[in-house]
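Visitor: Sharing a structure with you now.
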Amino acid sequence: MADRQCVQRRFSCPVHQFERPHLMIRHIFAYYVFRMSKPRAWVVQCNECRCIVTARAEDPQAHMQEPEPRPTCRLLVTCSCCWTSWLYPPEALFNGSPAPSPECFKRARQSARTENAKLIAAAVIAAIRLNRDEIKNSPVVHAKISDSLRLAEMIIARMNT
């Protein structure tokens, strides 16, 4: 009876769940899996794009040991979003999980739109230039396609300015 109360207090679930052992096992398993699956790391906010970037990760299997102490020296961290490297002091590090900034989503969506527009423009230009020509793997066709790509890039650059 004492064991049941101890387990009930730890997992804070009603006693009737322990009358069915499969529910108890599922509850205990979910508790440990979700507790261990949270990403824990020393992270820092990128100076360029404001993403939360991992500076030093912790071992997920070391949950029973002492947590890793805050680093005492400066760390060189490269952002996985904008690929800039900064030297961060130990005071800038905090315990958390990495996450992209909202600006990164906007920037990625805008660049995808630009690439799609460039592809469509280059395809239309190449189709117009190759209208009556025979399409085969030849240097003439490759040159017209590369010219079309360059022209589409120039058009998009002009539209952005």
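Visitor: Fully extended, how many nm does the chain gain between E134 and R70 (0.36 nm per residue separation, minus their Cα-Cα distance)?
Guide: That works out to 16.4 nm of additional length.
Visitor: For A55, which sequence-distant residues (separation of 5 or more, or a different chain) have an amide H within less than 5 Å of its own amide H, given hydrogens modelled in the peptide plane?
Guide: W42, V43, V44
Visitor: Run the reach check for K118 against aspartates and glutamates, Cα to Cα strictly under 20 Å, same-chain hits fewer than 8 apart removed. What comes back?
Guide: Once the sequence-local aspartates and glutamates are set aside, what remains near K118 is D147, E153.
Visitor: Still on this structure, please answer the following. Can you check what the net charge comes to around R129, using other residues whose Cβ is under 14 Å from the Cβ of R129 (Lys, Arg +1; Asp, Glu -1)?
Guide: On the way: positive: R132, K144, R150; negative: D133, E134, D147.
It works out to a net charge of 0.
Visitor: Between R158 and R50, what is the spin-label point distance in nm, taking each point 7 Å from the Cα along the Cα→C-beta axis?
Guide: Taking the simple label geometry, R158 and R50 are separated by 3.5 nm.
Visitor: While we're looking at this one, here's another question. What FRET efficiency comes out for the pair E115/A57, r = Cβ-Cβ distance, R0 = 30 Å, nearest 0.05?
Guide: Values: r = 32 Å, r/R0 = 1.07.
Computed FRET efficiency for E115 and A57: 0.40.
Readers should treat all values here as calculations from the given coordinates under stated rules, not as data from a laboratory. Because the structure is predicted, anything quoted here is derived from the model rather than measured. When we count neighbours, we look across all protein chains shown, and the Cβ atoms used for this are built from the backbone with ideal geometry, even at glycine.
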